[in-house]
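Visitor: Quick one: the structure is below, and I'll ask about it shortly.
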Amino acid sequence: MNNMEQTLSIIKPDAVERHLENEIKDVFKNKGFSIIKEKKIQLEKEEAEKFYKVHETKPFYNDLCNYLSSGPIVVMVLEKENGVIANRELMGATNPADADEGTIRKKYGISIDKNSVHGSDSVENARIEIDFFFKD
Ligand code: UDP
Ligand code: MG
């Protein structure tokens, strides 16, 4: 069985601000993910709105887009066997208060909005999100 998958991961502003970038990258590497591509950028609000368009009807959409564009982020393409679900499991629940022990959000997340990492939620969305940041 070989089902290598790529997924998009973002280290969000709250984690970059606390200098957790290398520590979080090491968590991924220690769990067997390869970091195929990475870049540190800051989004314009309009770009964050485009990235999170799926959430545009949600009450938290505006705050979410302000937040994601509020400071530098690290965007990465991660690769691993069944990488999309493996990354979701390693990240933990959206709300760090609900996240399991051993997950990134449990360890580093501050709150439901400042939850330190983003990860694609399906193979299809992973392709779309990787293209969003890395299409040349
Ligand atoms: N979010 C929020 N309030 C909520 C739900 C979500 O601020 O009530 C933020 C949170 O930072 C989350 C992001 O919106 O990571 C995207 O939400 P989604 O449901 O896609 O969660 P995720 O896929 O990141 O676990
Ligand atoms: Mg999501």
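The values are calculated or read from the model by the stated rules, or taken from the named source; none is laboratory data. A quick note: this is a predicted structure, and the numbers were derived from the prediction, not measured. Every residue, glycine among them, receives a Cβ derived from its backbone with ideal geometry; neighbour counts consider all protein chains shown. All accessible areas refer to the heavy atoms of the entire protein, side chains included, with ligands and DNA or RNA removed. Shrake-Rupley method; radii C 1.70, N 1.55, O 1.52, S 1.80 Å.
Visitor: What list of ³J(HN,Hα) couplings, whole Hz, do you get for region 116-121 from phi and the Karplus terms 6.51, -1.76, 1.60, once you set θ to phi - 60° and write x for glycine and proline?
Guide: Per residue, the Karplus-derived 3J(HN,Hα) values read 6, 9, 10, x, 4, 9 Hz.
Visitor: Another question, if that's okay. Restricting to Cα pairs below 8 Å that are 6+ residues apart, what does the relative contact order work out to for the chain? Please round to a whole percent.
Guide: 37 percent
Visitor: What list of ³J(HN,Hα) values in whole Hz, one per residue of region 93-109 in order, does the Karplus curve 6.51 cos²θ - 1.76 cosθ + 1.60 (θ = phi - 60°) give from phi, with Gly and Pro shown as x?
Guide: 4, 3, 8, x, 5, 9, 6, 6, 4, x, 8, 5, 5, 4, 6, 10, x
Visitor: Then there's this: Determine the shape class of region 4-48: with a ≥ b ≥ c the square roots of the Cα gyration tensor eigenvalues, call it rounded for a/c under 1.5, and otherwise prolate if a/b is greater than b/c, oblate otherwise.
Guide: Oblate.
Visitor: Now, a different point. Provide the per-residue ³J(HN,Hα) series for region 39-46, in order, calculated from phi with Karplus coefficients 6.51, -1.76, 1.60 and θ = phi - 60°, each as a whole number of Hz, with x at glycine and proline positions.
Guide: With the stated coefficients, region 39-46 comes to 7, 9, 9, 10, 7, 6, 3, 4 Hz.
Visitor: Mean residue ellipticity at 222 nm from the helices of the chain, using -39,500 (n - 2.57) per DSSP H segment of n ≥ 4 over the full residue count, to the nearest 500 deg cm²/dmol?
Guide: Calculated mean residue ellipticity at 222 nm is -11000 deg cm²/dmol.
Visitor: Moving on to the next point. Rank by packing, highest mean first: peptides 94-101, 31-38, 5-12, with packing defined as the count of other Cβ atoms within 10 Å averaged across residues.
Guide: Ranked from most to least packed, the peptides come out as 5-12, 31-38, 94-101.
Visitor: Now for a separate question. Roughly how compact is the chain, stated as its Cα Rg over 2.2 N^0.38 Å to two decimals?
Guide: 0.98
Visitor: What is the sum of charges around I112, taking Lys and Arg as +1, Asp and Glu as -1, for the other residues whose C-beta is under 14 Å from the C-beta of I112?
Guide: The answer is +1.
Visitor: Quick one: net charge around Y61, please, counting Lys, Arg +1 and Asp, Glu -1 for every other residue with C-beta under 11 Å from its C-beta.
Guide: -1
Visitor: Lys/Arg Cβ at +1, Asp/Glu Cβ at -1, dipole of the chain taken about the Cα centre: which of S34, L90, N115 is farthest positive-ward?
Guide: S34
Visitor: Assigning unit charges at the beta carbon (Lys, Arg +1; Asp, Glu -1) and nothing else, what dipole magnitude in debye, to the nearest 20, does the chain show about its Cα centre?
Guide: 220 debye
Visitor: Tell me the carbon and sulfur percent of the accessible area for region 1-97, rounded to whole percent, probe radius 1.4 Å.
Guide: Here carbon and sulfur together make up 48 percent of the probe-accessible area.
Visitor: Hey, can you grab everything whose amide H is under 5 Å from the amide H of K37? Only 5+ residues off in sequence or another chain; H modelled, so Pro and N-termini drop out.
Guide: Amide H to amide H, under 5 Å and 5 or more residues apart or across chains, K37 pairs with V77.
Visitor: What does the highest-first list of 52-58, 128-134 look like by mean Cβ count within 10 Å?
Guide: 128-134, 52-58
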